[in-house]
Each structure stands twice: as C-alpha cells, then as structure tokens.
Amino acid sequence: MRVLILGGDGYLGWPTAMHLSAHGHKVVVVDNYLRRQVCEELDIAPLYPVPRLHDRARRWHAESGYTVNVHIGDLCEWEFISGIFESFRPEAIVHYAEQPSAPYSMLDRRSATLTLQNNISATANMIFAVREFVPDAHIIKLGTMGEYGTPDIDIEEGWIDIEHKGRKDRFLYPRQAGSLYHTTKIMDTDLLWFYVRTWNLRVTDLMQGPVYGVKTAETNDPSLRSFLNYDEIFGTVLNRFVVQAIAGYPLTVYGAGEQTRGYLNIIDTMNCIRLSVETPADKGELRIFNQVVETFSVNELAGRVAEVGKTLGIDVTVNTVENPRKEREEHYYNPVYTGLKDLGLEPHPLTDDSLADIIETIVPHKQNIREDLFLRGVRWA
Ligand code: USQ
C-alpha cells in the first residue's frame, strides 16, 4: 500500500517508516522538525544524536534496499500538505504529527498555544486533504489513553453503551484529559468523528499508552534507532527511569506513585500500526482500539527497574518527588484492550529480559546523560 506517515521524524514515526517499508509498503514521511526545534529552544538533548530524515532514509536504503521518500515542511500549510496528497495519493495515512508532550503543553502560554494550533490545524488539514484527494483512504490516527483520564469505571475500547431513562444509545466513551496536550487529542477524536459522520471517512483512532524502548526489528544499524529522550518534557516514564538508574540518579516517582497506565514496547507499537494499516476500517467507521498490552503503576515500574538493575550490578534508589502534575495518584484503572489482539497482535510484555536488554542498550551512552534534564520544574498548577 502507499502509506503516508505524518510526523515521520519522531520517536515512533521513523521506526514506523522502516517497519512498514520492510513489510513491502511504499512509504513517504513528512515532518517539520518541530520537536527538534523545541528541544533546541529548551536546551534539551536526546541521549544520543539522531541523523536528520534524508540521512536516515539514505542509511536505511543502504542497510535494507528499501526506499523511504522524505518531505520536510509544515502540515498546517495547505499548499504543502495538499501538494503531497495530490502527488502521492496515499491509501493509508498514519498521523503522528503532533506536539506529543504533556509537560510542554503546560509550560507557558506560548507552548500551550503552539500545541493547540499545531495539533488541531494539522489534523484538520489532513482531514481536508483526504476528502479532496483520496476520500477512500484509511486514516490511522495516534490518539492516547490519556483522553479517557482515570475514571472510576472500566475503560471501554472507545465506545460505551448508555441506558438513560429507559432509552439506549452508543456514545464515544467519556473523555476527561489530564493535560492540554491530551485535551488536543480529544479534540482530534471529535474532529474525526464529526467528519466520519459527515463525509463517510474511514478512520482508526489508536488510544496508545506510554511507550518504552528504542530497538525494533529494523534497527540493526544503531544510527537508525529512534530518539531516546529522558528529560522531563519529552521522556516517557520507563525510559526516564532506565536512564536515571544508569546515571545513579534516584528514580523520580511523582507523588504517591500509584498512578496506573497502560504501557507497551515500541515493538508492539510497530505491529499495532501495521495491523491497523493492513486491515482498514470501513467507510463511515470510526474504529477505536486501546493500544496497550499491560498496566503498571509508577511504583511497580520503579520496582522493576530496581530489581533488574540489581541483577546487572546497578544499584538503584527510588525517590518520591512532589508531583508536578494534577492527576489522581491513587485510583481505579481497568481498560479493555482486546481489539488489536483480535487483529493478530502478539504482545511483547515487559519481562526481566526485555528490561535488561533496554538497560544494556542504554549503558554505552552513560557519558551523555545530563542530570539537569531529569527535572525541569514544569508545574500544572
Ligand atoms: N511519572 C512519574 N515520574 C516521572 C515521569 C512520569 O511518576 O519521572 C508519571 C506521570 O506523573 C504519569 C505517568 O508517570 O502518571 C506516565 O507519565 P509519562 O510522562 O510517561 O506519560 P504521559 O505524560 O502521559 O505521556 C506519554 C507520551 C504521550 C502519550 C501518553 C500516553 O508522551 O505522547 O500520549 O504517554 S498516556 O499516558 O496513556 O496518555
């Protein structure tokens, strides 16, 4: 299939490009390097340098023989995005092109506005481009489990049947996000649902939990690995804990540490996206999957890193820091996540071996770790 990946430079975008091209799809990636630019502005660096997209595509071609075509530009500009849709005519669009950090969205007014404008405009332009050039194409949109928040009832897979005063209907599961970033993802879902109803679009919305790891089946050449951010702004919690452990820095458990989320290995993200691409939603369908394979509390994750670290001779201490976020620290959490398994997903749960492998992959970069990046003082309130 012809697959267009929006946000192809990111933590998940580039590995997805390699993965789909290795599975025989014709892949074009688009990015405006927003995340690299924000990192530079905030004096944040990933654990190791990552080549830019044209360079990555050259290296991938040399390694595998597969071609990924690259376009650099801003999806919020109609001339740019429409040109790509008109010439490439994608059959599937994987949309990652969003400012993805909850803390960045809560930093200040400018970062909040940028998050809103970028995420909503890019999604809207993508929808308009699909309607104009490829109305039968399948949109695969990266949403987030954070759209649901932490309700006191089970989290269904996108939809909920409600009986009210003797009548029944089916609705999007209630959304109540914990950051502005997560709120923009709710807005995306609402936009998609509106245009599915109005224009008969074909959409899969993937409610993904925090991802960890950097190695996939396509990263034999280490220079093809994804970004590994471990800073407070762009690092996801397990990746941060691993880097903190290696640095000998006490793991930063926020508050009570009983915040529970659904997690997945980056390898599972690749498979979830491919399975979604290869099994499209129907026309006029908003299909929603909860893209996680298991749940952990923050305390459980810290405990696992400490345990596995010990077997590798790393002495890990766990610290409680004041929670910079406004979130429930102790709560019920029971999401359903069967849809992707029904499509064929074979999960890679977090085993001691897989965690040890992540730690061992990061150890050689120990000298690059900057402790000043672990806590940057972003506060929700
Ligand atoms: N946390 C700590 N200590 C840390 C970092 C995080 O206790 O040093 C806690 C957070 O307070 C939160 C949990 O760990 O309760 C997860 O935090 P996170 O930073 O790993 O994840 P989050 O900010 O929610 O965002 C990440 C991705 C985002 C994606 C989301 C999925 O950056 O793009 O949408 O995971 S989800 O969390 O399910 O909404």
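The values are calculated or read from the model by the stated rules, or taken from the named source; none is laboratory data. Predicted model only: the values in this text are computed from it and were never measured. Quick reminder, even Gly has a Cβ in these numbers, built from the backbone with ideal geometry, and neighbours come from all protein chains shown. SASA here: full protein model, heavy atoms, side chains in, ligands and nucleic acids out. Shrake-Rupley method; radii C 1.70, N 1.55, O 1.52, S 1.80 Å.
Here are a few things to note about the model shown:
- Some residue of segment 294-311 being open to solvent by less than 10 Å² (accessible area, probe 1.4 Å), among the hydroxyl-bearing types (Ser, Thr, Tyr) and either within 12 Å of the ligand (Cβ to nearest atom) or touching a helix residue (DSSP H, G or I) at 6+ places or on another chain (Cβ under 9 Å) (or both): yes
- The condition of being under 21 Å from Arg379 (Cα atoms), out of contact with any Gly (no Cβ under 6 Å at 6 or more places or on another chain) and either without any contact (Cβ under 8 Å) to a residue 12 or more places away in the chain or not in a helix (DSSP H, G or I) (or both) holds for Arg325.
Okay, residues lined up against (1) open to solvent by 10 Å² or more (accessible area, probe 1.4 Å); (2) within 12 Å of the ligand (Cβ to nearest atom):
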position	(1), (2)
Asp152	yes, no
Tyr195	yes, no
Thr204	no, no
Met207	no, yes
Gly213	no, no
Glu218	yes, no
Val237	yes, yes
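Conditions tested, residue by residue: (1) surrounded by fewer than 16 Cβ atoms within 10 Å (Cβ to Cβ); (2) out of contact with any strand residue (DSSP E or B) (no Cβ under 8 Å at 6 or more places or on another chain); (3) among the β-branched types (Val, Ile, Thr).
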residue: Tyr11; (1), (2), (3): no, no, no
residue: Thr16; (1), (2), (3): no, no, yes
residue: Gly24; (1), (2), (3): yes, yes, no
residue: Arg52; (1), (2), (3): yes, yes, no
residue: Gly65; (1), (2), (3): yes, yes, no
residue: Leu75; (1), (2), (3): no, no, no
residue: Glu86; (1), (2), (3): yes, yes, no
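- Identity of the residue in segment 329-355, touching a Ser or Thr at 6+ places or on another chain (Cβ under 7 Å) and part of a loop (DSSP other than H, G, I, E, B), that ends up surrounded by the most Cβ atoms within 10 Å (Cβ to Cβ): Tyr333
- Residues of segment 121-141 satisfying the condition of being within 16 Å of the ligand (Cβ to nearest atom) and either touching a Ser or Thr at 6+ places or on another chain (Cβ under 9 Å) or of a type in the set (Phe, Trp, Tyr) (or both): Thr123, Ile140, Lys141
- So Arg261, is it near the ligand (Cβ under 8 Å from one of its atoms), at pLDDT 95 or above, open to solvent by 20 Å² or more (accessible area, probe 1.4 Å) and of a type outside the set (A, V, I, L, M): yes
- Helices (runs of 4 or more DSSP H) fully within segment 1-72 counting 1 or more residues that are farther than 25 Å from Asp268 by Cβ, under 20 Å from the mean Cα position of the chain (by Cα) and free of Cβ contacts under 8 Å to residues at least 60 places away in the same chain: 34-41
- Here is the figure for segment 356-371: residues that are without any contact (Cβ under 8 Å) to a residue 60 or more places away in the chain and open to solvent by 70 Å² or more (accessible area, probe 1.4 Å) total 3.
- Comparison of Phe241, Phe227 shows that the only residue that is more than 11 Å from the ligand (Cβ to nearest atom), aromatic (Phe, Trp, Tyr) and open to solvent by less than 30 Å² (accessible area, probe 1.4 Å) is Phe227.
- Any hit, segment 273-284, residues being basic (Lys, Arg), closer than 15 Å to Phe241 by Cα and at pLDDT 95 or above: no
- Looking across segment 312-339, the residues that are more than 27 Å from Tyr148 (Cα to Cα) and more than 13 Å from the ligand (Cβ to nearest atom) come down to Leu312, Gly313, Ile314, Asp315, Val316, Thr317.
- The single residue among Leu275, Leu301 that is under 20 Å from Glu327 (Cβ atoms), in contact (Cβ under 8 Å) with a residue 40 or more places away in the chain and in a helix (DSSP H, G or I) turns out to be Leu301.
- Test: residue in segment 367-377 that is within 15 Å of the ligand (Cβ to nearest atom), closer than 30 Å to Trp159 by Cα and among the small types (Gly, Ala, Ser): no
- Of all residue pairs spaced 6 or more apart or on separate chains, those with beta-carbon atoms under 8 Å, a first member in segment 213-238 that is more than 16 Å from Leu12 (Cβ to Cβ) and a second member that is within 16 Å of the ligand (Cβ to nearest atom) and of a type in the set (S, T, N, Q) are Tyr230/Asn239; Tyr230/Gln244; Ile233/Ser101.
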